[in-house]
Amino acid sequence: MKLKAIDGIDLVRLAAKRDAVTTSRMLAEKFGKRHKNVLQKIDALKDRSPDVFTELKIQPSTYTDDSGKRNKEYLLNRDAFLWFAMSFTGKRADKFRADFIKAFNAMEEWIKTRLKNSLEYQVMSETLHEVRQLHGKETKAHHYSNEARLINWALTGKFTSLDRASLSADELDLLLDLQKRNSVLIGAGMPYQDRKESLRIFCDLRKSSQSPRAGAKEVA
């Protein structure tokens, strides 16, 4: 699964919903190497030092080329990437090493925020259950999904499911804060419609504070 480019650099992607990885193809392309030679270098490590290969968590994979043929590649996490990238020299190599490290940092931060969102959703759901239980009400599956859709609506303006893997880091941060705020409002006993309006205002204020000032003149 591929995510949006980070700061214009689409070098790192998400694997198994939790790991930041790049590919042997991307490594070859950005460092000006033939993919065949990069594969040979990785295979040589596997044959020479299988324990190191396993410790680096290098993952065999495949990709489909323009002709429809499936070809071999490897998925490399940060450690595996650095293992091979450090052997490349020159200014171009220095630049792309820095770009890759920046992309890994951004993706790893994105993954952490995504995990925080999952945990906060659990907190919100537990708060909903406890409040309804105090009022002698049963909490069914649609009550939880209604809260999720409410959060999605506040963020996107649509009462639908949301592919969170497609969200930017800023959008995930806002989603996290919306869930936290909704948990507090649920715990305070605020009615649904009032919470809806409160979350809308909160989201609008956050978005406006992140946007360039209206009418601001560009400095020459």
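A short reminder: the numbers here are calculations on the coordinates, not readings from a lab. What you are looking at is a predicted structure, and each value in this text was computed from that prediction instead of being measured. Note that each Cβ is placed from the backbone with ideal geometry, even for glycine, and that neighbours are counted across all protein chains shown.
Descriptive notes on the structure:
- Computed as a quarter of the hull surface, the mean projected area of the alpha carbon convex hull for the stretch 13-88 stands at 5.3 nm².
- Rounded to the nearest 20 debye, dipole of the stretch 13-88 from Cβ charges on Lys, Arg, Asp, Glu: 180
- Rounded to the nearest 0.05, the FRET efficiency derived from the C-beta distance between residue 34 and residue 59 at R0 = 22 Å is 0.55.
- Cα lying deepest toward the dipole's positive end in the stretch 13-88, options 27, 87, 67, charges on Cβ: 67
- Coarse-grained scattering of the stretch 108-210 at q = 0.23, 0.24 Å⁻¹, given as base-10 log I(q)/I(0) from a Debye sum over alpha-carbon atoms: -1.32, -1.42
- Förster radius 22 Å - calculated FRET efficiency between residue 204 and residue 146 (Cβ-Cβ, nearest 0.05): 0.55
- Residue of 71, 37, 152 that the Gaussian network model of the chain assigns the largest fluctuation, springs spanning Cα pairs under 10 Å: 71
- Aspartates and glutamates whose Cα lies under 14 Å from that of residue 72, excluding same-chain neighbours fewer than 8 positions away: 43
- Exceedance of the 25 Å cut-off in Cα-Cα distance is limited, within the set 95/116; 112/137; 137/158; 140/196; 36/112, to 95/116; 112/137; 137/158; 36/112.
- Taking GluC sites (Glu not before Pro) as exposed when DSSP calls them loop and at most 10 other C-beta atoms lie within 10 angstrom, the chain has its longest site-free stretch at 1-137.
- Listed by chain and number, the lysines whose C-alpha is less than 18 Å from the C-alpha of residue 91, apart from same-chain residues fewer than 8 away, are 30, 33, 102.
- Within the stretch 157-203, trypsin sites (Lys or Arg not before Pro) in DSSP loop having at most 11 other beta-carbon neighbours inside 10 Å: 158
- Between residue 197 and residue 66, residue separation times 0.36 nm minus the direct Cα-Cα distance comes to 42.2 nm.
- Dipole check for the chain: with +1 at the C-beta of Lys and Arg, -1 at the C-beta of Asp and Glu, and the Cα centre as origin, the magnitude is about 540 Debye.
- Nitroxide proxy distance, nm - points 7 Å out along Cα→Cβ at residue 15 and residue 122: 2.6
- Among the listed options (1) 64; (2) 55; (3) 36, the one matching percent of Cα pairs over 25 Å apart as calculated from these coordinates is (2).
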